[in-house]
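First comes the structure, then the notes that go with it.
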Amino acid sequence: MLTDPTTSAPAVPQHLRPWRRAYRSYAPVDITPHELRADGGLADSVAAGWAEPAADPTVIDWAPRQAVAGVPFDVVDGVPRHPDGRTGRAGRDLGCWGENAAADAIVIADSPDGPQVLLVRRRDCGDWALPGGMREAGESADVAARRELWEEAGVDLAGVPAAAATTTVVDDPRATDHAWVTTTAILYRLPAAVPVVAGDDAAEARWWPCHDHDRDAFLTLTRAIEHHGGDLYPAHDYLLRRTLGYLQAGAIRPHTEPLTVDELHTMLDELAELPAGEPVHPLPTALVRISWLLGEQTCDGLWTVPDLQQLVHRALHVLAQRDTSC
């Protein structure tokens with residue numbers, strides 16, 4: 001779809017990445033490829049359906065996009081700013097200015113030896129990655145993740161509920177100061193691994209072990225991939241490290257151990273003993289599953305006791321409604 005940037009951009013010192021820090025000599029390199037230039041192939045890319053027609057981001061009405069963004073971002077003088085700061089690159093090497101929303105499926109299956117995760121080998125770079133891709137217009141993250149999972153691995157999750165949703169900015173090599181990728185990773189739990197068949201832009205699909213209880217589950221996964229002669233797709237490093245860390249810590253329990261009313265009441269008792277005005281640290285491991293129960297994005301920010309108490313009470317209400325409907 002897109003060509004790789006032909007001009008390398010200088011690395012931005014970490015302390016100068018935040019937009020709030022002055023960087024007078026900052027001179028990002030425009031990496032906009034021929035396919036997205038007004039005097040190049042932009043018209044063909046628009047006709048193909050993967051690029052928006054605006055060659056200049058200042059002509060876009062940004063308020064509606066900011067209102068539904070997966071990760072909040074600022075617009076300065078009509079130009080969107082990467083939420084993680086300077087990249088050293090300008091222009092766009094993606095279909096849209098600003099946020100380009102993607103969805104990825106994290107499928108964890110139980111086995112007698114422990115959990116396994118489904119990955120596909122990308123045709124473009126050969127790395128092992130989560131099944132996923134860009135969301136189509138009007139498509140929810142859950143629908144997109146299921147579609148990509150079917151297209152890339154031949155897995156149909158009809159009837160399997162989404163267990164989690166978390167949105168983050170992706171460390172994508174095509175990202176610039178004005179166009180970037182965010183992904184909503186959807187977690188699905190299966191009682192056992194199902195057959196997989198690679199398709200679309202996936203060259204191979206397979207289940208990988210992530211069940212070594214004596215060490216880091218993420219390390220187990222990456223070593224297994226390396227032993228197989230492959231590499232993990234760098235952009236999915238954070239998502240898998242985080243998910244497998246929660247899994248190993250017990251924050252993501254097998255489907256046979258749902259969140260319980262007793263567990264929530266215990267959490268309320270523990271919160272009642274903490275100072276109300278201070279951030280809670282470390283956060284309760286159940287916070288992730290509570291957020292998932294409520295159908296909300298996992299949030300790792302600062303939580304106070306009242307915030308968490310309100311969240312727990314909402315979760316109790318949901319569980320009570322479920323019991324009533326049974």
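FYI, it's all coordinate maths here, none of it is from the lab. Not measured: the values here are computed from a predicted model. Ideal geometry is used to build each Cβ from the backbone, glycine not excepted, and the neighbour counts take in all protein chains shown.
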(request) Quick one: order Val305, Val170, Val107 by neighbouring beta-carbon count within 10 Å, fewest to most. (result) Val305, Val170, Val107
(request) Convert 4 °C to kelvin, take the viscosity as 1.567 mPa s, use the Kirkwood radius over C-alpha pairs of the range 31-82 as Rh, and evaluate the Stokes-Einstein diffusion coefficient in µm²/s, rounded to a whole number. (result) 106
(request) Within 10 Å of each residue's Cβ, count the other Cβ atoms and sort Trp303, Trp97, Trp208 from fewest upward. (result) Trp303, Trp208, Trp97
(message) Taking the Cα of Asp56, stepping 7 Å toward and past its beta carbon, and measuring to each backbone N in the range 19-50: which are under 11 Å?
(response) none
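Arranged by the count of other C-beta atoms within 10 angstrom, fewest first, what order do Val29, Val197, Val76 take?
Val76, Val197, Val29
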(message) Calculate the FRET efficiency for Trp19 and Ala43 from the Cβ-Cβ distance with a Förster distance of 45 Å, rounded to the nearest 0.05.
(response) 0.90
